[in-house]
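Asker: The structure is given below, and queries will be raised subsequently.
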Amino acid sequence: MTKLTNIGLQKEDSQQIADKLNELLANYHLYYQNLRGFHWNIKGVNFFQLHSKFEELYNTALVRIDAIAERILTIGQQPLHTFSDYVRVSSIQEAANLSTDKETVTATHQNLTVILSLEREIMSLAAETGDEGTVGLISEDINEIEKTLWMLNAFLS
């Protein structure tokens, strides 16, 4: 029995990376759903600005969710695909009844901080195991998240 996946990675390494990617997938789903709620429920003087920004962020999150799930499949593993699994695995919590600019932007910042930390962990693990495809996927997202966090910090200051 071969110890390599169809793309030449160690199966054991790929399983470890897939576990972390599934954790990322779960967190992205909760982040996405929180953003949808913020988009729908935002109120106040920053309504127009934040309504559009939350839509932009959840559309980006949706693309990332698909890319993460496809990467899990590419490395020969199975992505989580039930919301109960996402809630169970995610560190991000559901954000209910938030509607002001400060609380929704703060929650978004906190959610992205969780995702960023997890992505740095995944990138390190992927680099150690020679999984350059995962490194590339995660590296691109880290750059975007760091920029978004800078913007959120500017809004909150």
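Asker: In this structure, is H81 surrounded by 18 or more Cβ atoms within 10 Å (Cβ to Cβ), of a type outside the set (A, V, I, L, M, F, W, C) and either within 15 Å of the chain's Cα centre (by Cα) or part of a helix (DSSP H, G or I) (or both)?
Answerer: In short, no.
Asker: Is it fair to say E55 is part of a loop (DSSP other than H, G, I, E, B) and either touching a strand residue (DSSP E or B) at 6+ places or on another chain (Cβ under 7 Å) or over 18 Å from G136 (Cα atoms) (or both)?
Answerer: So E55 fails the test.
Asker: Residue under question is L25, and the condition is that it be more than 22 Å from E121 (Cα to Cα), in a helix (DSSP H, G or I) and modelled with pLDDT of 95 or more; does it hold?
Answerer: No, not satisfied.
Asker: Mind checking whether some residue in the stretch 47-56 is farther than 23 Å from E144 by Cβ, over 18 Å from the mean Cα position of the chain (by Cα) and touching a residue at least 60 places away in the same chain (Cβ under 8 Å)?
Answerer: no
Asker: Name the single residue that is nearest to L156 (Cα to Cα) among those in the stretch 99-113 being crowded, with 18+ Cβ neighbours inside 10 Å and not acidic (D, E).
Answerer: Ranking the qualifying residues of the stretch 99-113, first place goes to V105.
Asker: Would you point out which residue out of G37, G44 is touching a residue at least 12 places away in the same chain (Cβ under 8 Å), part of a helix (DSSP H, G or I), in contact with a Ser or Thr (Cβ under 9 Å, 6 or more places away or on another chain) and not acidic (D, E)?
Answerer: G37
The values are calculated or read from the model by the stated rules, or taken from the named source; none is laboratory data. This structure is a prediction, so every number in the text was calculated from the model and none was measured. Here Cβ is always computed from backbone atoms with ideal geometry, including for glycine, and neighbour counts include all displayed protein chains.
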